[in-house]
Amino acid sequence: METVGVLSLSYLLGSIPFSYLVAKRRGVDVRRVGSGNVGATNVMRNAGTGAGLAAFALDFLKGMAASLLALRVSPEGPLPAMAAVTAVLGHMYPVWLRFRGGKGVATGAGAFLPLAAGPTAAGLLVFAVVLAVTRYASIASISGTIALAALAFLLGYPESVARAAAASGLLILWKHRANLKRVAEGTESRIGTKGRGGA
């Protein structure tokens, strides 16, 4: 019962649509502009850089809150890792927005920081470097997620954490499938421009 309660709360935390709420305060329904994605990149493109950064930070913090809650209840065992994945799923499929959410990048980073600080920090660094070089938020997001999961395995983090990072990475990759198609077609928008695409 304790496990069900923690995972339910993790899903509800992940489900809080901060990107939608932040953009709405600026008079923008992020579901109806740009890519239609309820995520920080689409908020940044259509409601301003400050709004996008606020959305990213809030999504990051809600993921972190889910993991910290699980760690408080069960410091050992797989529950914190399960909570991290559940928070990512909550962000992707939020009950408040008819299960149409974002892609889980910021929420995933926040969720795994308390569980695998080194790999998460490295993943964020990879994200920043790839974004600076390519200006594709989608490619940067996928690269950072892969780096996090790979390092969790290579550096010997608990198997539950490494597997959860891999599972979250696969979910994030799946949510970016349309972005990858647009990159291949040369139609994906880059950071600094309005349009479809983004993380």
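Using a Gaussian network model of the chain in which every pair of alpha carbons under 10 angstrom is joined by a spring, one finds that among A152, A40, A83 the greatest mean-square fluctuation is at A152. Other residues lying with their Cβ under 15 Å from the Cβ of E76 contribute a combined charge of -1, Lys and Arg counting +1, Asp and Glu -1. Less than 5 angstrom separates the built amide H of V28 from none of the residues sequence-distant by 5 or more or on a different chain. Only protein atoms count toward the accessible area here, which uses a 1.4 Å probe; on the stretch 74-199, the carbon and sulfur part of that area reaches 68 percent. Normalised by the number of residues in the chain, the average gap of Cα pairs under 8 Å and 6 or more apart makes the relative contact order 23 percent. Taking a ≥ b ≥ c as the square roots of the eigenvalues of the Cα gyration tensor of the chain, is the shape rounded (a/c under 1.5), prolate (a/b larger than b/c) or oblate? Oblate is the answer for the chain, as a/c is 1.5 or above yet b/c matches or exceeds a/b. Comparing T86, T187, T145 in a Gaussian network model of the chain where C-alpha atoms under 10 Å apart are linked, the largest mean-square fluctuation is found at T187.
Projected label points at A128 and R72, each 7 Å from Cα along the beta carbon direction, are separated by 2.9 nanometres. Seen from W96, the other residues with C-beta closer than 15 Å to its C-beta sum to a net charge of +3, counting Lys and Arg as +1 and Asp and Glu as -1.
By definition, a body whose alpha carbon gyration tensor gives a ≥ b ≥ c is oblate when a/c is 1.5 or more and a/b is not larger than b/c, and the stretch 50-150 fits this oblate description. Per residue, the solvent-accessible area of the chain (1.4 Å probe, heavy atoms of protein chains only, all protein chains present) comes to 46 Å². Sorting L21, L53, L113 by accessible area puts them as L53, L21, L113; the probe is 1.4 Å, largest comes first, and only protein heavy atoms count. Between the beta carbons of T187 and L154, assuming R0 = 41 Å, the FRET efficiency works out to 0.70 to the nearest 0.05. Per residue, the chain reaches -22500 deg cm²/dmol at 222 nm when only DSSP H runs of four or more residues are counted, each adding -39500 (n - 2.57). Taking every lysine pair in the chain that is 8 or more places apart or spans two chains, those with Cα atoms closer than 19 Å amount to 8.
The values are calculated or read from the model by the stated rules, or taken from the named source; none is laboratory data. Keep in mind the model is a prediction, meaning the values are calculated, not measured. Virtual Cβ from ideal backbone geometry, glycine too; neighbours counted across all protein chains shown. SASA here: full protein model, heavy atoms, side chains in, ligands and nucleic acids out. Shrake-Rupley method; radii C 1.70, N 1.55, O 1.52, S 1.80 Å.
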